[in-house]
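Step one of this worksheet: look at the structure below.
The values are calculated or read from the model by the stated rules, or taken from the named source; none is laboratory data. The structure displayed is predicted, hence computed values, not measured ones. Virtual Cβ from ideal backbone geometry, glycine too; neighbours counted across all protein chains shown.
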Amino acid sequence: MAKKFELNEVEVWDGNYAASQALRQAQVDVVAAYPITPSTPIVENYGAYQANGFVDGEFVMVESEHGAMSGCVGAAAAGGRVATATSSQGFALMTEVLYQASGMRMPIVLTVVNRALASPLNVRGDHSDMYLGRDSGWIQLDAFNSQEAYDLTLCAFKIAEHLDVRLPTMVHQDGFTTSHKAQNVRPLQDEVAYKFVGDYKPVDDMLDFTRPVTHGAQTEEDWHFEHKAKQHKALMDSPKVIDEVFKEFKELTGREYKRVESYMMDDAEVAMVILGSSVETAVLAAKELREKEGIKVGIIAPRNFRPFPFDLIRDELDRENLKAVVCMDKSAPGGAMGALFNEVAGALTSTKARPMVTNYIYGLGGRDFSIEEAQRIMKEQKAHADAGHITTQIQQFSGVRGPKLGFYETRRGK
Amino acid sequence: MSKGVLATDKRGVRELGAEKKVGWDEVPQGVVLNSFDDNVDNLSHLRPEERPYSDFNSFTATVASWRVIKPVYNRDICIDCQNCWVWCPDTSIISRDKQMIGIDYDHCKGCGVCVEVCPTNPKSLLMFTEAVDNEEALSGWPEKKKKEKK
Amino acid sequence: MAITNIKNLKEFSTANERFEGAHLLCPGCAHSMIVRELMNATDDNLVIASNTGCLEVSTAVYPYTSWDTSWIHIGFENAATAATGAEAMFKARKRKGTLPNPDAPVKFVAFGGDGSTFDIGFQWLSGAMERGHDFTYICLDNENYANTGGQRSSATPVGAHTSTAQAGSVSYGKKQKKKDIVAIMAAHGAPYVAQLAPNKWKSMAKGFQKALETEGPCFINTVSACTTEWKFDPKDTIHITDLATDSLMFPIYEIINGTELNILYRPKNIIPVEEYLAAQGRYKHLFKPQYRHVIDEIQKDIDAKWEYLQRREEAKV
């Protein structure tokens, strides 16, 4: 029996430590992992818990991230709770198995500490890895700070393992800005946290020898489409459970999570849609702009990147007073508009209000995102709103040195 | 041989690919295939005829159409050495209580390995074209071959 | 551990099959002979993982499974990790008391072809062996990527024609020597490593039982004659395998704890490798005058390897 870990009401934890404590409290049966900056401390901390009797489960240090996720899938098929952690190149290496895990409906929890993808090699935070996972069939939750990294990791087990969901779930936090920044975190006591997560309920358990089961069958053109359709339906239905789990978590802790977080949107004339640790920067910037210059800025932050909250985003943006929206993508778009822009613009096409929407690529490879930069972008949105049309190119880069970089002109309102 | 010991209601009725094509709402979650309809205890002590095979088990399907030639088995000559049993790649030699009792024609693909490894003289398994009736094949079984003098 | 009686074939034939027919392997394929023999060698419950390959694509194509045991396939390279992930889960649940059949004996087994074992899954296999999980990995070595139409792997021997190491007017097929996977696995310090062949059913069944009984990671390379890509008549699978073992192209031996080598089969009459090569279409170009020297080189390598194996056995190393 694992030892109880004594915790204060308020601890000072960085995001990595917060995530590792959540894994420990969920009493994960198998953690199969491989270290990579900046998520390494999650598995190191877990190793320390194991070495000191705080976990009963197996801790398997494998030879690669591909091996880590492979071990997780094998372990999950054997009927127990499974989790791991990774970042960046490791995430990229395990991508093959991410798709296999979701197609096989293995409720694995993956804590992802977001980091740029090479080349050029870079250890700092951006959202390239998070975006790489967006079609992988996983639920993706996004934590903006250490407290949320802890809370959402606990919630992730409950969501993933719910019998109506049974889908693997990622909890993202930003490399260094969240993972290595010590902040106040209010943890639950071990028994309270475990009670919230609950016992694991095996499905199609390979260790139940009275019910032999084949996992990972092949499907060709006569069956593949039906299986992928069923999987998509499960993902599209998962918000019901996500909302329930968030509600239960609020009742337990008072901390409220929504699939789309929004700030100051009621009277907003312009809005910024943004992810990760930049959300807090954006909120501060918006508050200051409202106070100092009277610009009515609102912030929208998808907490749930997958399934993408199309309906909630649309509800937030379908406001008569809202004129201009900017979508902030912290990932090199690779020859397209940013992914967040595309998602949000897609949701906007069926709104009544049809606000203008533009795209910024920012913060790549850990480039700092300041309040001043956020405000400059917000003011630009105000200029669009005043002019009645987009006054800049639709996609622009912010914070990069060299001549101004932007693409595409609007055809509306000029 | 008749289907005999392997006869079940659903045995060998479906060619691969002929199964009912259900919609996305009816396929199993996670593409899992349950081998049996009911729980099984101590499977390695259950003979095939005692098992509750599910429709997902290939045991219930047939690949007989792959075959252009078939082995015919002659009980009168067989010494139950079980060479054919151990080397059959298609689990198609039916043995019970150390006796070879026949060929599973739903699963046999007609490779001919069983005939090659049969040590009796004449062989107790021989290949015939699919069109030949087994009784007919047995009635014309060859005589014992004399060793050729070198 | 409940092992099956393998004193003779009559006893062995009383095993109840857990690998079902109407799978999609080619007629005469040795894969299923080997898999059946492994599954029949024990009464224990089995958790089996398979790499992508002939075995996997032929035994679990929706909506059919040929497996009466727990079975999992994830990808081309990771069966060793899938099996050992499951083994880790078994240990965790045993400790926590959450196993559904707590007293049921179980063995963890992974199957891979030579492509997934020697090449693409090599890292995953090496990792699993190093971690010391209690499992057995069995390579079904047919010396090429047969599932995708016969490309060369690092298990393809010198002189064989494959679609990516072709024989032609200026090429005798594959130039590089076959990777010695048995030595590499033994070098991991694995408690039991062997090379076995289905024509020698008893030594194979014994080897399987030893591997399953031995605690820790065990590795077995099995020769799996491939009628489609080696190009011989399906009825001749066992005959070709006899030629492989009797020419010593595939010596049958085991290595215990990386330090004790035992030869498990000594042919009474060692046949020239030429007979083995001549029986297969993939080597037929070697019999043209300009390539005959390759046959001599193959024979020389076989003689040297046999000499080496015997010296190791005598020296007990």
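General observations
- Single residue of the range A:215-225 satisfying the filter (free of Cβ contacts under 8 Å to residues at least 60 places away in the same chain and out of contact with any Leu (no Cβ under 9 Å at 6 or more places or on another chain)) that is farthest from the other protein chains (Cβ to nearest Cβ): A:Glu221
- The residue that is nearest to the other protein chains (Cβ to nearest Cβ), counting only those in the range B:27-51 that are in a helix (DSSP H, G or I) and in contact with a Leu (Cβ under 7 Å, 6 or more places away or on another chain), is B:Pro48.
- Qualifying residue in the range A:36-44 (condition: in the same structural domain as A:Phe196 (by TED's automatic domain parsing), surrounded by fewer than 24 Cβ atoms within 10 Å (Cβ to Cβ), among the acidic types (Asp, Glu) and more than 18 Å from A:Leu154 (Cβ to Cβ)): yes
- Exactly one residue among B:Asn57, B:Asn83 is free of Cβ contacts under 8 Å to residues at least 40 places away in the same chain, within 13 Å of chain C (Cβ to nearest Cβ) and closer than 15 Å to C:Phe19 by Cα, and that residue is B:Asn57.
- Count - residues of the range A:5-23 that are closer than 23 Å to C:Arg131 by Cβ and either within 14 Å of chain C (Cβ to nearest Cβ) or touching a Leu at 6+ places or on another chain (Cβ under 7 Å) (or both): 1
- Considering residues of the range A:50-86 that are in a strand (DSSP E or B) and within 7 Å of chain C (Cβ to nearest Cβ) only, the residue surrounded by the most Cβ atoms within 10 Å (Cβ to Cβ): A:Val60
- Here the range C:96-128 is the region considered, the condition is being buried (at least 24 other Cβ atoms within 10 Å of the Cβ) and among the aliphatic types (A, V, I, L, M), and the residue that is farthest from the other protein chains (Cβ to nearest Cβ) is C:Val109.
- So B:Asp97, is it surrounded by fewer than 21 Cβ atoms within 10 Å (Cβ to Cβ), within 30 Å of C:Met39 (Cβ to Cβ), assigned by TED's automatic domain parsing to the domain that holds B:Ser35 and without any contact (Cβ under 8 Å) to a residue 60 or more places away in the chain: no
- Odd one out for C:Ile270 among (1) surrounded by 14 or more Cβ atoms within 10 Å (Cβ to Cβ); (2) in a loop (DSSP other than H, G, I, E, B): (1)
- If you go through the range C:129-186 and keep only what is among the basic types (Lys, Arg) and either surrounded by fewer than 20 Cβ atoms within 10 Å (Cβ to Cβ) or touching a residue at least 60 places away in the same chain (Cβ under 8 Å) (or both), you end up with C:Arg131, C:Lys175, C:Lys177, C:Lys178, C:Lys179.
- Hey, B:Arg51 buried (at least 19 other Cβ atoms within 10 Å of the Cβ), basic (Lys, Arg) and closer than 25 Å to A:Asp205 by Cα or not: yes
- Within the range C:3-29, the set of residues being more than 7 Å from chain B (Cβ to nearest Cβ) and not charged (D, E, K, R) comprises C:Ile3, C:Thr4, C:Asn5, C:Ile6, C:Asn8, C:Ala15, C:Leu24, C:Cys26.
- Exclusive hit being in the same structural domain as A:Ala92 (by TED's automatic domain parsing), touching a Pro at 6+ places or on another chain (Cβ under 9 Å) and either surrounded by fewer than 24 Cβ atoms within 10 Å (Cβ to Cβ) or more than 27 Å from A:Tyr99 (Cα to Cα) (or both), set A:Ser136, A:Ser146, A:Ser179: A:Ser136
- Annotation: B:Pro119 fulfils all but one of (1) part of a strand (DSSP E or B); (2) modelled with pLDDT of 95 or more; the unmet one is (1).
- Members of the range C:76-87 found to be facing chain A (nearest Cβ under 7 Å) and touching a helix residue (DSSP H, G or I) at 6+ places or on another chain (Cβ under 6 Å), listed by number: C:Asn78, C:Thr81, C:Ala82, C:Thr84, C:Gly85, C:Ala86
- Residue selection: B:Thr91 satisfies the criterion of being facing another protein chain (nearest Cβ under 10 Å), at pLDDT 95 or above and surrounded by 21 or more Cβ atoms within 10 Å (Cβ to Cβ).
- Residues in the range A:197-214 that are more than 12 Å from chain C (Cβ to nearest Cβ) and touching a helix residue (DSSP H, G or I) at 6+ places or on another chain (Cβ under 6 Å): A:Val197 alone.
- Among the conditions (1) farther than 27 Å from C:Ser66 by Cα; (2) away from chain C (no Cβ under 11 Å), the only one that B:Gly102 does not satisfy is (1).
- Any hit, the range A:239-257, residues being within 14 Å of another protein chain (Cβ to nearest Cβ), surrounded by 18 or more Cβ atoms within 10 Å (Cβ to Cβ) and either touching a residue at least 60 places away in the same chain (Cβ under 8 Å) or among the charged types (D, E, K, R) (or both): no
- Any hit, the range A:368-378, residues being closer than 19 Å to A:Val270 by Cβ, hydroxyl-bearing (Ser, Thr, Tyr), surrounded by fewer than 17 Cβ atoms within 10 Å (Cβ to Cβ) and assigned by TED's automatic domain parsing to the domain that holds A:Asp267: yes
- Residue count for the range A:321-341 under the criterion of being surrounded by 24 or more Cβ atoms within 10 Å (Cβ to Cβ) and charged (D, E, K, R): the result is 2.
- Looking across C:Lys206, C:Lys177, C:Lys210, C:Lys202, one residue alone is charged (D, E, K, R), on the phi < 0 side of the Ramachandran plot and in a loop (DSSP other than H, G, I, E, B). It is C:Lys177.
- Sole exception among (1) without any contact (Cβ under 8 Å) to a residue 40 or more places away in the chain; (2) facing chain C (nearest Cβ under 8 Å) for B:Lys109, by number: (1)
- Matching residues in the range A:365-394 - criterion: being over 16 Å from A:Gly406 (Cα atoms) and among the hydrophobic types (A, V, I, L, M, F, W, C): A:Phe369, A:Ile371, A:Ala374, A:Met378, A:Ala383, A:Ala385, A:Ala387
- Subset of the range C:43-75 (residues that are surrounded by fewer than 24 Cβ atoms within 10 Å (Cβ to Cβ) and either touching a Cys at 6+ places or on another chain (Cβ under 7 Å) or away from chain A (no Cβ under 11 Å) (or both)): C:Asp43
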